[in-house]
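Working notes, structure below.
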Amino acid sequence: MNILVILLDGLVYSSWLFIVSTGLTLIYGVMRILNMAHGSMYAIGAYTAATIVGIYFNHGFVPWGSYFFFISGAMFAGIIAGLLIERGILRIMYGSDEVIMILVTYAILLILEDVIKFIWGVEGYFAYQPYTYLGRSHIFGISFTNYDLYLIIVAAIIGVILWLWLNKTRFGKLLIAVINDQEISVAMGINVTKVYIITFAIGCMLGALAGGLTAPGISIVPGMGIQIIIVAFAVVVIGGLGSIGGALIGSLLVGMARAFAVHLFPQIELFVIYGVMALVLAIRPHGLFVRAKVRKI
Amino acid sequence: MVIAYKIDVKLYFIIKRRFGMNFFKRSFTVFLAILIGVFFTTANGFSKDTFRLGIVTFLSGAAAGPFGIPSKKAAELTVKELNQGKVPAPYNKVGIAGKKIKVVWVDEAGSATKQVEEYRNLVQHKKVDAVIGYISSGHCLAIAPVAEELGVLTVFYDCGTPRIFEENTYHYVFRTGLTATIDSVGAARYIVDLKKNLKSISAINQNYAWGQDSWHDFISALKDLKPNIKVKTVQFPKIFQGQYGAEISSLMMKPADFIHSSFWGGDLEAFILQGDARGLFEKQIPIFTCGEASMFRLAKQMPKGAIVGARGPFGLYAPNNKLNRWFRKNYISKFGTSPTYPAYKMVQAIFGLKSAAEKAAMKKKNFTQEDIIKAFEYLKFKAPSGTVSMDLGKGHQAMQGIAYGQYEIKNGKPTFVNVKWYPAKCVNPPDGMKSIDWIKNGMKGAKCN
Amino acid sequence: MDKKTHMILLCCLLLILIGNFIFPKWLTFLFNISLAKAFIVLGLVILMRVGLVSFGQGLYYCIGGYVAGICQKFFGINDFFMILLIGIFISLIVSFLLGLLLCNYRDIFFAMFTLAFSMILYGIIVKTETLGSTDGFNVKLPTYFTISSSFATGKFLILLITILIAYFVIIYIRKFFNSELGYISLSTKENEIRVEYLGISPKIVIFINYSLAAILATVGGALTAFVSGHVDPDMAYWTTSGEFVFVALLGGTMHVIAPFIASILFEFIHMYAYDISPNTWQIILGSILLLIIIFLPRGLWSIGEIFRKKEVKDASNS
């Protein structure tokens, strides 16, 4: 019974990690930008969702309707923020060194952290109604919230949608072309600028979506953006930057490792994530999934 | 200052003549310009009519919401009322010994090294007469020696580590807040009194100094009282982790009678939300040693029967005296919410300082800082939390008792039931003995009746 | 280094030294701490010259500080030079081991890997209760060859030592930059394959630069510990390293004095930004960082180039 609980815990945490890190890896894969502001997107999504939930339940509407509003609200906020950042700042810096881009996104992260504080203040928010409304299930001897269990399904759906989008739609194939060789893509007439804008917006949307989905279960406090970045980085680096399949494997690895650590060796819980990252990098310097395939996504 | 300016100017011309105007000289002049600018922005020294009080607390960051902001509110309220002389006796004199109080705010956010720099700025650049502040134990530990070095009266109001006065002796540093020892010892005594056949305990604390120390003191004290206690699972998630799925599963797999937690802020709120949603608290009673700070925000979510601590006789545990009534009435009408323990502790610090200063003023009209310090040592003063005795740490550390109770909503309002009060000598070590040794040796000499 | 720069440098350092007795105490403290932190920034500049950005210099900064504290607290070693030697020794071992691994990585992976190691040290210290976990512990002023001092002299002595070390470091790192190895480092940044064809291993070049940066960061960490009187695991947190990167960019990589001036400037900005509005520090930091990256990618030092070009133009016109 014990091991099944650990596996389920691992799965819940992995699905959360996956949703958080897909946006990051997508942006890197296409634009070669390691977006540190991804943490701010997460925070913006969470705060937006919390605000919407607050307004919604204050008006006393039916609980099951709230899901549509706060999730789409978070996604919308992410798209807007992504567009503003991309058109406003990143556009100026295209072509720069990768590390310079990290510094640019780091600067944006710092600025956004304070902007979030201005808009939403320093007190914490919570929006627990959607979380508790779905009830709980008794599995393997203990209770789990249905919300967390549904999140596993949601993560799977997001993964499938992304895969379909990249591999089966026309735009997805354009993306793959741009990833593999940007210059030839331009020569072939692909509007790379448009591709960049859409990718960045979608990547930020995914980050905000992660924040929005997580919001009902936590207390949303300032600084949550910075906390999340390290975790997202570790997962993405382990799986291989730019690979969504890698993000999946990375999340599973880290999620399971953490679940085992918490249940069996709580003392090492603090290092698990960095330990796994250092270990993977030492063995496969570019992450698990990158050298092996030619196609990255 | 003027001499330095003249030297600067002379050097400037010497170098200009020798090397000519080139870039390096420009950077040098920029450097000089900064220095000169700096001299002219130095703040004025204190005037005879105002008492410049530096207050350091979390104005941003995760600790702002539950601790810093209530502290700030309480300080603003108290200073305003004091400056108008509207506080009931014995604090009805205006300001501090007749001088109106002017507050200089400093944000406590940032590392200890940064805080040391800010403190030096506050004292040397802004020239405050005294400093009240510090929630983070790490900051208190770093600031205390600097306060001694600079010789400025500094009153810690919230940080909990007993190490400050147990490992060192300070002349300029006081603490009107209570040590974290009483939280842990009080909680251990409470659950032993509450449940006669107490068998097992679990814990979930943040993995940093506060969480580690809280757990260690608590389990040591508990083992003194119940040597056969079984420890089921001890979780130490990273601070600000926010998501406790696996930890809650672990706590549910190995159920215990009580779950000890020194969680605060967003982590506490998230833990309560997630635990509640999964029914964690239906069979295991949680102990939230500093839960009172979030109690009113979480009024609907706090589990019924949860053991909530306010780190002393604060909040709803405070006695019904005149000062408490004044404080609650004004705080609630001004801010719309009940004052929590950080607010109480801030008021306590200000009243302690005022009390010491006015005691010094009674003896000497032109009192100095040294007079205030002499008056502050072993002082007994009144606060909304009752009488505060500076009896530990050679007269520099406040000593009070603590109460614990169980949370319940009655008539739509949060209250405590089954409240038990533990007097000061029951939960504090004797002066001169380290808390950790006292607990290890069975808490000898505790006077609990 | 040409005579002019040398004289200016000496004048500035002497001014700061004399300033101990003339300036207000907070100013001297500010100079001392910014000079101490400048060593870590200089290490970053050295790494930037090889084409790498490290988000983990906090690792060695923290090692320097904690070695100073641990020697005092647990081993009773108070001598400054002894502590420095032990610190350098330990960081050499660590940088040797890590450098072997890290010299294989570039760009983002180098940055992330250094970040990971820095955070691992952070985690270790937080877990270790004897070291005070997140509270850290206090560090007293050191003795110098058993000459211990009164408090005020102690403050002056640490300032003197900082300035002396800064002076010699500037002179010798300048020599390093102008040496064979210094130029090879620049070439490694441009094109590693060509360097290899010339018969030099870029990995060894990176390894040496990394170790040098590590030693500088350790020295800076120990000095900061003594000046501020406190060490805590925040020194190894990645945001601390991020601030050092910011200062490095502020100064630019063009001259060895740049990190020192940038560090002093940064501390002033920090002080005034906190004064004006403590809640907007991150916006200010982020905005300045953006402005520098976009408009002054080679740091503040490149302002000088603009002036110099103008002067050359004026000179050629007249």
Can you tell me which of A:TYR131, A:TYR150 is in a helix (DSSP H, G or I), crowded, with 20+ Cβ neighbours inside 10 Å and either aromatic (Phe, Trp, Tyr) or touching a strand residue (DSSP E or B) at 6+ places or on another chain (Cβ under 9 Å) (or both)?
A:TYR131
Residue, surrounded by the fewest Cβ atoms within 10 Å (Cβ to Cβ), within segment A:53-87, restricted to residues that are touching a helix residue (DSSP H, G or I) at 6+ places or on another chain (Cβ under 8 Å) and hydroxyl-bearing (Ser, Thr, Tyr)
A:TYR67
Does segment A:245-256 contain any residue that is polar (S, T, N, Q), surrounded by 20 or more Cβ atoms within 10 Å (Cβ to Cβ) and part of a helix (DSSP H, G or I)?
yes
Among (1) touching a residue at least 40 places away in the same chain (Cβ under 8 Å); (2) more than 27 Å from B:TRP438 (Cβ to Cβ); (3) out of contact with any Asp or Glu (no Cβ under 7 Å at 6 or more places or on another chain), where does B:THR368 come up short?
(1)
Can you name the condition, by its number, that B:ALA356 falls short on among (1) among the aliphatic types (A, V, I, L, M); (2) over 30 Å from B:LYS304 (Cα atoms); (3) free of Cβ contacts under 8 Å to residues at least 40 places away in the same chain; (4) in the same structural domain as B:PRO303 (by TED's automatic domain parsing)?
(4)
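Can you confirm whether C:GLY229 is within 11 Å of another protein chain (Cβ to nearest Cβ) and in contact with a Leu (Cβ under 9 Å, 6 or more places away or on another chain)? I'd like the intermediate steps shown before the answer.
Numbers: within 11 Å of another protein chain (Cβ to nearest Cβ): yes; in contact with a Leu (Cβ under 9 Å, 6 or more places away or on another chain): yes.
Here the answer is yes, as C:GLY229 does meet what is asked.
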Residue among C:CYS62, C:CYS71 that alone is touching a Leu at 6+ places or on another chain (Cβ under 7 Å), closer than 24 Å to C:LEU35 by Cα and more than 9 Å from every other protein chain (Cβ to nearest Cβ)
C:CYS62
Hey, does segment C:41-52 have a residue that's under 30 Å from C:PRO202 (Cβ atoms), crowded, with 24+ Cβ neighbours inside 10 Å and within 14 Å of chain B (Cβ to nearest Cβ)?
no
Residue that is surrounded by the most Cβ atoms within 10 Å (Cβ to Cβ) [pool: residues in segment B:250-307 that are touching a residue at least 60 places away in the same chain (Cβ under 8 Å) and among the aromatic types (Phe, Trp, Tyr)]:
B:PHE271
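Test B:VAL116 against the criterion of being of a type outside the set (Gly, Ala, Ser), closer than 16 Å to C:ASP135 by Cα and within 10 Å of chain C (Cβ to nearest Cβ), and give yes or no.
Numbers: of a type outside the set (Gly, Ala, Ser): yes; closer than 16 Å to C:ASP135 by Cα: yes; within 10 Å of chain C (Cβ to nearest Cβ): yes.
Here the answer is yes, as B:VAL116 does meet what is asked.
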Return the residue satisfying two criteria in turn: it lies in segment A:102-118 and is under 18 Å from the mean Cα position of the chain (by Cα) and among the β-branched types (Val, Ile, Thr), and of such residues it is farthest from A:GLY225 (Cα to Cα).
A:ILE102
Give segment B:323-376 a look and list any residue that's under 19 Å from the mean Cα position of the chain (by Cα) and surrounded by fewer than 20 Cβ atoms within 10 Å (Cβ to Cβ), or say none.
B:SER338
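Select from segment A:89-128 the residues that are within 9 Å of chain C (Cβ to nearest Cβ) and among the aromatic types (Phe, Trp, Tyr) and write down the one among them that is nearest to C:LEU285 (Cα to Cα). Reasoning before the result, please.
Initial filter on segment A:89-128 (within 9 Å of chain C (Cβ to nearest Cβ)): A:89, A:92-93, A:96-100, A:102-104, A:106-115, A:117-118, A:122.
Checking the rest, the ones that are also among the aromatic types (Phe, Trp, Tyr) come to A:106, A:118.
Numbers: A:TYR106: 10, A:PHE118: 16 Å.
In this case the residue turns out to be A:TYR106.
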Members of segment A:139-156 that are hydroxyl-bearing (Ser, Thr, Tyr) and facing another protein chain (nearest Cβ under 7 Å)
A:SER143, A:THR145
Is there a residue in segment B:184-205 that is outside the structural domain of B:GLY291 (by TED's automatic domain parsing), part of a loop (DSSP other than H, G, I, E, B) and crowded, with 24+ Cβ neighbours inside 10 Å?
no
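List the helices (runs of 4 or more DSSP H) that sit entirely inside segment B:101-167 and contain at least 1 residues that are more than 21 Å from C:ALA36 (Cα to Cα).
Values: elements: B:112-120, B:137-150, B:163-167.
Correct list: B:137-150, B:163-167.
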Does segment B:244-264 contain any residue that is part of a loop (DSSP other than H, G, I, E, B), within 20 Å of B:LEU298 (Cα to Cα) and polar (S, T, N, Q)?
yes
Looking at A:ALA107 and the list (1) without any contact (Cβ under 8 Å) to a residue 60 or more places away in the chain; (2) surrounded by fewer than 21 Cβ atoms within 10 Å (Cβ to Cβ), which single condition is not satisfied?
(2)
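Return the total of residues in segment A:1-24 being within 13 Å of another protein chain (Cβ to nearest Cβ) and touching a Leu at 6+ places or on another chain (Cβ under 6 Å).
2
With B:ALA293, B:ALA270, B:ALA299, B:ALA318 as the choices, which residue is of a type in the set (A, V, I, L, M, F, W, C) and more than 22 Å from A:TYR125 (Cα to Cα)? Working first, answer last.
On the way: B:ALA293 fails: more than 22 Å from A:TYR125 (Cα to Cα); B:ALA270 fails: more than 22 Å from A:TYR125 (Cα to Cα); B:ALA299 fails: more than 22 Å from A:TYR125 (Cα to Cα).
Among B:ALA293, B:ALA270, B:ALA299, B:ALA318, only B:ALA318 is of a type in the set (A, V, I, L, M, F, W, C) and more than 22 Å from A:TYR125 (Cα to Cα).
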For segment C:253-282, give me the residue count where each residue is small (Gly, Ala, Ser), buried (at least 23 other Cβ atoms within 10 Å of the Cβ) and in contact with a Phe, Trp or Tyr (Cβ under 7 Å, 6 or more places away or on another chain).
1
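The values are calculated or read from the model by the stated rules, or taken from the named source; none is laboratory data. Keep in mind the model is a prediction, meaning the values are calculated, not measured. Note that we place each Cβ from the backbone using ideal geometry, even for glycine, and neighbour counts take in every protein chain shown.
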